[in-house]
Amino acid sequence: MTPTDEGPKENESDIARIHGAILREHAEPRDGYEPIPLWLVGLFFGIMFWAGLYLAYFSGGFRADVFNPSETAWAGGGVPQPVGPVDPKLAGKRVFTRNCVVCHQTTGLGVVGQFPPLAGSEWVLGHDWHGDNHLVKILLKGLQGPVQIKGATFNNAMPTWAQLSDEQIASVLTYIRSQWGNAAPPISPDYVKKIRGRTADRTEPWTQKDLQAIPPEKLPVAGAEGDSSPATPQSDSKI
Amino acid sequence: MNKLPLLFLGVFLTFASSWIGLVAYPYLALGHMQPLPDEETGGSFPPGNSGLAVAGQRVYAANGCLYCHSQQVRLEPLSTDIEKGLGPRQTVARDYLRAQPVFLGTMRTGPDLSNIGARQPDANWHHRHLYEPRTVTDWSIMPSFRFLYKMRKIQGQQSDDALKDLVGPHAPPPGWEVVPNEEAKALVAYLVSLKRNYPLPESPEPPAK
Amino acid sequence: MKPHSLISSFHPANEPDTLASHERAEIDASTRFPVLLFFGSAIFWLLVGSLLGLVSAWKMTHPAMLDQMAWTTFGRLRPAHLNTVIYGWASASGIGVGLWLMARLCRIPLIHSKLLISAAIFWNIGVLVGVLGILAGDSRSIEWLELPGYATPILFIAYACIGVWAIIMFRYRRPGHVYVSQWYLFAAFLWFPWLYATANILLIWEPIQGSAQGAVNWWFAHNVLGLWFTPIGLASAYYMIPKVIGRPIHSYYLSILGFWSLALFYSWNGMHHLIGGPFPAWMISASVVASVMMFIPVVTVAINHHMTMRGHFDALKWSPTLRFTVFGAMSYTLASLQGMTMAIPSLNTLTHFTDYTIGHAHLGLYAFFTMAMFGAMYYIVPRLTGREWASAAAIRWHFWLVATGILLMIGSLFLGGVLEGLAQYDPRVSFKTSLDYVTPFRWLRGISGFLLLAGHLVFTALFALMVLKLGRRKDGPTLFAVPTGGNPGASAV
């Protein structure tokens, strides 16, 4: 019998007081020995079977670099490679996502009253007075003042993106010209380079009026990468 | 089961199984990941953060932003995160390499912040929003963080970092300005740095809809 | 206390029943101070935690309330609430109940009580320092592990005392059959320090980089629920149910199956908090599978308890202990079944990131664990203070206030959460609309907080009266109603 901290007399009366609650208690809990129901066992095996199937289908091959449970096989190889040369359209999408989405939105619909839409825009598609040269020029120098797009007026300031490379500008313009239902010819990096050279002296962003004064240029269609000579003769003396 | 050693062994082994699978395995497989080089700019994916943005993570932690805001973009069909514009692709392990701690979050009482730096790149917007969210979004239930800012009399001319375009009940009266203290500046630098829209081979972008 | 002489063996005062009671009385007397210290601390933290939770809840519908200071911003009050109720209320009450159960079941008086008293004091200091630290801005923002680095070692020291004590008690137990509650308690007392140490080392002291942190974080948090609170709650239910009604537990074999399947599957569940997250697909799938496999231990325990109670459900009419405990045990089954459905990815789509998750958390920690702890305390405290509870009416108020409160809370969070989830899934629906759907339910949740706080105040008053020796001195337990006659053990609470 382990001695308690209290003296024997207090101990006795203590225990006598507690007795009341304890005396009426049942014995300490004990176990019964009923068997496990058979239907429960069956159910358990059923669940384990399901579990095995689930793991087989949705574990991405138990690889550390597969993050999508629906992928049962990933052809990308064991070690992730550094990003190499990519599909120009995907490159264009990347440039768009990193730079343009904040204003023009992923949907290309812009924000009413604030940022113009690109989807179905005559500026992007090269309809009316708009040429491929105007599009490239906007990216190189920016655009400000009131502009009309699809019947709506916008009066905001688009910054210059001259810090992007010719490849990046060409790829993003090609991207917006083939997204959201748009269908217009791609722009080549050589053409961007040419326009950049021509407009090297200009420091101000364009206005709609400035651009309208410049005759539009439309490039030949379909993959003529090296051929950047415009179909119509150029007369950019007003740049 | 009357034997203490047997009970101990069972208790230990069952625990060890999940410890190996959910603790040791991610430590080994994911804990030593390196950023990937960015060939276009010479940087890396994920990009490095400024010192101020790193300090901002501490402010984010101290004020419990993660209890309302998650930072994970999930795939279809489990979610419509990408379609809603929360990010161009699923966020994966490598995206959180520079985060300490990792603010994955488990609640969206407020919107997901994985790419908030891409959606709202303007620091002044963030300052206005933190100062009094309901002046930016009138239905917002986000609490005000004006205790991260100081209202003071303009000395001479307005400070460079004074908040612009403040309206509402806590806007400064004429002759006064509101400036962010160091914690607010760090927090906003961190928020503006939140972008997971660079490419990673293990997280392919789904085709645009 | 064996009789010494031949004559004394025939003395009426030395009846075998009386001897067993003497033993138990001695055991109870030895546990009195440590257990009441843990209970008192727990109830204090329950009040603090309820208040913090109430204010946090109302801040979601009234964000301008108390927004002037950093100390009262939602992002600090909410983790303060979480840590107070987990480490303050739930852990302290769990330890108190666990100590008493261990002493009773090992059938030896509590030894090294000074170790436990030091543990209680350190534990309280750790929680106090930690919660104040969170309010001051030192929260780690790692869910369930927010306590700042200067508080966690204090808790760890306190805990180490308890863990060591548990092993010693178990070693010196009276030889014989080891009852199921002892397995759960022994396991819980070992699992918690292993969990806490791993999480602290890999997330705070030497943090691993990248999203691996999320995996360790939720492995830890889920296991605090599954390997610390659940075993203690089940240990208590496994003791109280058969004890009060005087019947054996239905099946020893089901107990074994339930225990080991819980040990094996529960600890793999953690990743179901991160479905869709930045982790290798197999980890998430493993957690989904483990969550569904939890069906096995949960249904096993439910059958065991139900079959034990069968034919004795009328005891719920008069026994406070049983009413709270059975409410808790049934909530355990419901919470676990609900959790299983939430872990399935197609359903997780609707519930992830919404208030539904919060409802589930309260179903587990409150409707199961807290109610089971109330039930245990209603049984244990009279045995430690030598008094009976002061007023059956007050116990009745306590029960109905908290039962209504928790049902209102979880109901409103489930409904609101599902609407929120449906709205958030549809890309054409704005965030504002999802907020409009869930806001009325947040008001209801806020109201439930008042009911819960009121219930806790009633309980605190009852407890205080007991400790101050102001309980009833009459013979007979404090019951809701007169027990139905003809049942010899009917008043054995």
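Any read-out appearing in this document is the output of simple, stated calculations on the displayed coordinates, not a laboratory observation. In this text, all values refer to a predicted model and were calculated from it rather than measured experimentally. Methodologically, a virtual Cβ is constructed for each residue, glycine included, from the backbone with ideal geometry; neighbour enumeration extends over all protein chains shown.
At a glance:
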{"item": "Degrees, to the nearest 10: C:281-293 long Cα axis against longest axis of chain C", "result": "40"}
{"item": "Shielding score for C:137-149, defined as the mean number of other chain Cβ atoms within 10 Å", "result": "4"}
{"item": "Cα gyration tensor shape for the protein assembly as shown, rounded if a/c is under 1.5, else prolate or oblate", "result": "prolate"}
{"item": "Taking the range B:44-192 and dividing mean pair separation by its residue count, relative contact order in percent (alpha carbons under 8 Å, at least six apart)", "result": "30"}
{"item": "Between the range B:180-201 and the range C:165-237, the alpha-carbon center distance in angstrom", "result": "37"}
{"item": "Shielding by other protein chains, B:77-86, mean Cβ within 10 Å", "result": "6"}
{"item": "FRET efficiency, 1/(1 + (r/R0)^6) with R0 60 Å, evaluated for C:A197 and A:K209 via beta carbons", "result": "0.25"}
{"item": "Summed residue charge, Cβ within 14 Å of C:I108's Cβ, Lys/Arg positive, Asp/Glu negative", "result": "+2"}
{"item": "C-alpha center-to-center spacing [the range C:61-113, the range A:165-214] in angstrom", "result": "64"}
{"item": "Distance between the range C:363-390 and the range C:416-484 - C-alpha centres, whole angstrom", "result": "17"}
{"item": "Among C:L334, C:L479, C:G359 - extreme Cα towards positive end, dipole of the range C:312-480, charges at beta-carbon", "result": "C:L479"}
{"item": "Sorted peptide list for B:94-103, C:234-243, criterion being average Cβ within 10 angstrom, highest first", "result": "C:234-243, B:94-103"}
{"item": "Given charges at beta-carbon only (K, R positive; D, E negative), |dipole| of the protein assembly as shown in Debye", "result": "1700"}
{"item": "Environment charge of C:W443, counting only residues whose C-beta is closer than 13 Å and scoring Lys/Arg +1, Asp/Glu -1", "result": "+1"}
{"item": "Neighbour net charge for B:A162 - beta-carbon separation under 13 angstrom, K R +1, D E -1", "result": "+2"}
{"item": "Nitroxide proxy distance, nm - points 7 Å out along Cα→Cβ at A:L55 and B:E76", "result": "3.2"}
{"item": "Relative contact order, percent, chain C [alpha-carbon distance under 8 Å, six or more residues apart]", "result": "14"}
{"item": "Estimated inter-spin distance, B:F8 and C:R428, nm [label 7 Å along Cα→Cβ]", "result": "6.5"}
{"item": "Nonlocal amide H pairs with A:G131, under 5 Å, H built at 1.01 Å", "result": "A:E217"}
{"item": "C:T460 paired with A:T160, simple spin-label distance in nm, labels 7 Å along Cα-to-beta-carbon", "result": "6.8"}
{"item": "Two-site FRET efficiency, C:A394 against C:W205, from Cβ-Cβ distance with R₀ of 35 Å, rounded to 0.05", "result": "0.15"}
{"item": "0 to 90° range, to nearest 10: angle between helix C:180-200 axis and chain C longest Cα axis", "result": "40"}
{"item": "Average partner coverage of A:57-64, which counts Cβ from other chains inside 10 Å", "result": "6"}
{"item": "Rounded FRET efficiency, nearest 0.05, which uses the C-beta distance separating A:W39 from B:S159 and R0 of 56 Å", "result": "0.15"}
{"item": "Segments A:29-38, C:282-291 sorted - mean Cβ within 10 Å per residue, highest first", "result": "C:282-291, A:29-38"}
{"item": "Test item: Cα-centred dipole of the range A:88-212, Lys/Arg +1 and Asp/Glu -1 on Cβ, debye", "result": "240"}
